[in-house]
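Report on the structure given below.
FYI, it's all coordinate maths here, none of it is from the lab. All figures in this text were calculated on a predicted structure; none of them were measured in a lab. FYI the Cβ positions are ideal-geometry reconstructions off the backbone, even for glycines, and counts take in every protein chain you see.
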Amino acid sequence: MKNSKIKVFYNEKQVNLNKNIISTTSRSPLKPYLLMKTLDGLGFGNNLDIDGSFEPFKNEDFEIAHFPSYVEGFFNGTPNVCTRNGLPWSVELADSVRYTNASLYNAIRHAYLNPDQVTLSPTSGFHHAAPSGGQGFCTFAGQVIAAVKLYREFGAAGAVLDLDGHFGNSIEDCRSYTAEIDKAIPRGFNVNPRGSDAQYHSYLVSQLEKIEEAVLKNEIQYVMWCHGADSHAEDDLGGQVSTKWWVECSTTFYEWVAQLDAKLIALGRSPLPVTLSLFGGYRKDDYGSVISLHVKDIVTCMNVLCGHSIRYAAKVAKKTYASAWNHNQTTGFGYSAMEQWIDGMPISVLRMINPKKYMSNEDFKKTKMIPNEVKLLAFLKENPDAIFDGNTLGQKVNGWKNHSMGKWAQRLVRRGLIQFKKGQGYLYQSPVNPMLNADNFKASVIMEELNTNS
């Protein structure tokens, strides 16, 4: 059994909070923040040992895997160089990648030196970057840099289990540029499963068997587990496996680690050093689905390797496609629609952390009405042609000024039982106003509800 707490290498400086990232296809620069907020909000933070004391990488660290001209051009914001990764460049982005890459290296190093503790680097944006530049939302080849640094320091070789939805080309692309990568991550140990569902899982099992043989021969000394959410069938850019098989891959891996640890300990050796990373995941309509998959993977690790018994089911919404008429507000026809973001966070993630406060209108309508709602609805039904503001409703319904009565009225609006007239107040309308189902009206209702803190 591993340590009961996962060691997480997370510093808020590894997050790009520039708002220009929200409208892009990839939100990976925001993912560390969203994941950590979710883990804490769900009550799993007590099972994490967070270390943010690591130093950011310097230019020479990136030059292990990249041309100096690219490294310098990226950090200087040189046009046509700094945006090769497919992301809008900003000073915040440039600063953050120094920490994301350092996070992965420090996580692997700690696991290597402390193999009885699983480590997590909540990072993405590595496995497509080439020596000459970034590509595919990846800026620098962080796993190459980390592996080479570890090889130089300890002579250790690692295996990368890259379950992102796309082939991780950065390791192979760097072999002709960084000679030591052949020893740091030997050929054949950059694993990218193929096929779909059961075939995908079977391929993973076959690769675990190969890695186990190498570990027992002491040819591989540590493993990186990178379970990208874009391999899920509902992802915008992936689609190999269903939720069942995505979760099965996690379970299989962690059970394999537990069994291999037992074999190693029986041989008088140390457990297998294991580091987790995030990699891809691209949902514009429901980013909470991406985060939920990552949470499920981490919880599975907590249960299988760290001795916990946490109940958590991955919640992946069916994708909502953008229609042709609103493609200017999305990435185009065929891609998922853009969900609402509030204070730098997607509404789907807020609903995971605080489902009562950020409940969807559909789920809210299924809840039981509270006494104030019942009283208020009865009053408005008796006055079907009048419009009341929240303060007036308080006086009429409860006999005293009650500024929060508008809060209860908003709950009735969300149920589709009364209408809100912006700048005027509330009135009962029967039949229900069909505009309540329009996206623009629902958005305004949600915002009103959030503003009243109900």
Quiz item: Under the Karplus relation 6.51 cos²θ - 1.76 cosθ + 1.60, θ = phi - 60°, what is the ordered set of whole-Hz ³J(HN,Hα) values for segment 309-321, x standing for Gly and Pro?
Solution: 9, 9, 9, 7, 10, 5, 10, 10, 7, 5, 5, 9, 7
Quiz prompt | For Ile50, distant residues with modelled amide H under 5 Å away | solution = Val8
Practice problem: Taking the Cβ of each residue in Ser176, Ser103, Ser360 as the centre, tally the other Cβ atoms inside 10 Å and list the residues starting with the fewest. | Solution: Ser176, Ser360, Ser103
Exercise. Apply the Karplus parameterisation 6.51 cos²θ - 1.76 cosθ + 1.60, with θ equal to phi minus 60°, to every residue of segment 182-193 and state each ³J(HN,Hα) to the nearest whole Hz, in sequence, with x for glycine and proline.
Key: 5, 9, 6, 10, x, 4, x, 10, 9, 8, 10, x
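Based solely on its DSSP helices, what 222 nm [θ] is calculated for the chain when runs of n ≥ 4 H residues each add -39,500 (n - 2.57) and the sum is averaged over all residues, nearest 500 deg cm²/dmol?
-12500 deg cm²/dmol
Tell me, Lys315, Lys296 in order of fewest to most beta-carbon neighbours within 10 Å?
On the way: Lys315 17, Lys296 22.
Ordered by Cβ neighbours within 10 Å, fewest first: Lys315, Lys296.
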Exercise. With θ set to phi - 60°, apply the Karplus curve 6.51 cos²θ - 1.76 cosθ + 1.60 along segment 377-393 and write out the HN-Hα couplings as whole Hz, x wherever there is a Gly or Pro.
Key: 5, 4, 5, 5, 5, 6, 10, x, 9, 9, 10, 10, 8, x, 5, 5, 4
Quiz prompt | For Ile342, distant residues with modelled amide H under 5 Å away | solution = Ile347
Self-check item: Under 22 Å from the Cα of Lys368 - lysines, other chains or at least 8 residues apart
Solution: Lys356, Lys357, Lys381, Lys407, Lys442
Exercise. In whole Å, largest first, what are the principal axis extents of the Cα atoms in segment 181-321?
Key: 53, 36, 25
Quiz item: Pairs Lys19/Lys284; Lys7/Lys210; Lys7/Lys296: which exceed 24 Å Cα-Cα?
Solution: Lys7/Lys210
Quiz item: Cα centroids of segment 205-233 and segment 279-296: how far apart, whole angstrom?
Solution: 23
Practice problem: Answer with a single label: of (i) 23.8; (ii) 22.7; (iii) 27.3, which was calculated as Kirkwood radius over Cα pairs in Å from the structure in view? | Solution: (i)
Quiz item: Once you sort the root eigenvalues of the Cα gyration tensor of segment 1-69 as a ≥ b ≥ c, which label holds: rounded (a/c under 1.5), prolate (a/b larger than b/c) or oblate (the other case)?
Solution: oblate
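To make sure I understand, if each residue's beta carbon is the centre and we count other beta carbons within 10 Å, what order do Tyr177, Tyr33, Tyr254 fall in, fewest to most?
Working: Tyr177 16, Tyr33 20, Tyr254 23.
Least to most surrounded, the residues fall as Tyr177, Tyr33, Tyr254.
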